[in-house]
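The values are calculated or read from the model by the stated rules, or taken from the named source; none is laboratory data. On a predicted model such as this, the values are computed, not experimentally measured, just so you know. Note that we place each Cβ from the backbone using ideal geometry, even for glycine, and neighbour counts take in every protein chain shown. Heavy atoms of the whole protein, side chains included, go into the accessibility calculation; ligands, DNA and RNA do not. Shrake-Rupley method; radii C 1.70, N 1.55, O 1.52, S 1.80 Å.
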Amino acid sequence: MPPSATPQGLADRLDGTRPYVLSLFRIVVGLLFFCHGASSLLGWFGGLMGTGKTLDAGTWPGWYAAVIQLVGGGLVLLGLGTRSAAFICSGSMAYAYFHEHQPEKLWPIQNGGEAAAMFCWAFLLIVFTGPGPWALDRFLGSARPSVTASETHRQPTAV
């Protein structure tokens with residue numbers, strides 16, 4: 001069988017779906033983060049920690065974190081200003097982890113900071129991967145295409 005007629009490998013097929021899976025990843029992470037802000041600021045989904053209450057406006061740091069969660073999560077969800085919003089969201093979760101959780105105990109499993117650590121790294125990944133093809137940035141023409149699989153495997157050339 002000639003090489004062009006061989007079945008495509010699993011890795012090649014998965015690489016072809018990468019941009020769409022990155023878009024789904026961004027959408028889910030943005031939605032989950034948005035829900036945290038909506039519960040704390042608007043009382044949705046049972047309110048703050050399931051109490052039905054909301055944060056008092058201007059209280060530090062919770063209210064400001066909730067604003068970042070609501071606005072930043074919504075922007076990331078929609079794919080609008082994605083990289084900038086994800087950068088701010090990542091930084092807010094790094095602050096939350098190191099200021100609120102890490103002083104209690106070292107490991108996230110011990111100090112309750114798993115969500116903050118995961119959101120921090122997930123948003124940092126979005127900063128570097130971009131919004132993917134299913135983003136408002138793409139339709140508005142304000143985003144550059146994400147790196148494709150073929151671009152990541154380029155060999156350096158001699159100059």
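Accessible area per residue for segment 7-49, computed on protein heavy atoms with a 1.4 Å probe, is 61 Å².
Shape analysis of segment 24-86 places it in the oblate category; the axes a ≥ b ≥ c from the Cα gyration tensor give an a/c of at least 1.5, with a/b not above b/c. Peptide packing for 109-122, 67-80 was compared via the average number of neighbouring C-beta atoms within 10 Å per residue; ordered from the highest value, the list is 67-80, 109-122.
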